[in-house]
Amino acid sequence: MAVLNYGNYEGLAVFIYDMDGNSLRNTIVKTHNKAENQIIVSSMPCELRENDTCKLLIITSPAPCEYQGKIKKASGHLYIALFKGKEKESRSAERFKVTATATIDFLMCDGQPQPLHTPVTVQLINVCTGGVRFRAPYFSLSSGDVFRLNMNISNSSKTLVARVMNHMDVDRVHSDYGCKFVG
């Protein structure tokens, strides 16, 4: 599995999980040392200590990056050494549980963005390197729809484009949507 280097991760939202997949913290990448592939985050989870291993999901475009990292200490500061990443979606890609909202404000028609009269707020359920699952008001989208998803997590905004691959009605007012990132 190749470690990814899409660019500079500074200022991007990052979800930090323990190795069992339990969410520890949503925060921002303060510093990214690309040469050493290390990051410093604005708020390190108190559960993590030097030499602990964790999982990370960094919200990049056109799709998030998944890493494993090891907590290191230098000059009195904790940082995360990124050592393993996933580049592309497969059905075995790990789904990271996410508790956050996002908005859909444009549908794509013939490659052109068409604004919605009223943006749709969705509740994110999980995110992986290739897609997202979310809950939205009943019948917001149909299979095959391509849309723009705006994620604002820990004061970091990222816009991603996705296609609805499947949907399932949850109750009379909500549906869950499985979507693949398209770039």
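The values are calculated or read from the model by the stated rules, or taken from the named source; none is laboratory data. Small disclaimer: the values here were computed from a predicted structure and weren't measured. Cβ atoms come from the backbone with ideal geometry, glycine included; neighbour counts cover every protein chain shown.
Miscellaneous remarks
- Scanning segment 28-84 for residues that are among the basic types (Lys, Arg), closer than 24 Å to residue 157 by Cβ and touching a residue at least 24 places away in the same chain (Cβ under 8 Å) gives 34, 55.
- Hits in segment 113-148 - residues which are of a type in the set (Ser, Thr, Tyr) and at pLDDT 90 or above: 118, 121
- Taking the criterion of being part of a loop (DSSP other than H, G, I, E, B), within 18 Å of the chain's Cα centre (by Cα) and not acidic (Asp, Glu), the residues of segment 17-43 that qualify are 19, 21, 22, 42, 43.
- A search for C-beta distances below 9 Å between a residue of segment 105-125 that is in the same structural domain as residue 157 (by TED's automatic domain parsing) and any residue that is part of a loop (DSSP other than H, G, I, E, B), counting only pairs 6+ apart in sequence or on different chains, returns 107/141; 107/145; 108/145; 108/182; 120/140; 120/141; 122/140; 125/95.
- Qualifying residue in segment 151-159 (condition: out of contact with any Phe, Trp or Tyr (no Cβ under 7 Å at 6 or more places or on another chain), outside any loop (DSSP other than H, G, I, E, B), surrounded by 15 or more Cβ atoms within 10 Å (Cβ to Cβ) and aliphatic (A, V, I, L, M)): yes
- Which listed residue, of 69, 21, 76, 7, is outside the structural domain of residue 161 (by TED's automatic domain parsing) and over 29 Å from residue 149 (Cβ atoms): 76
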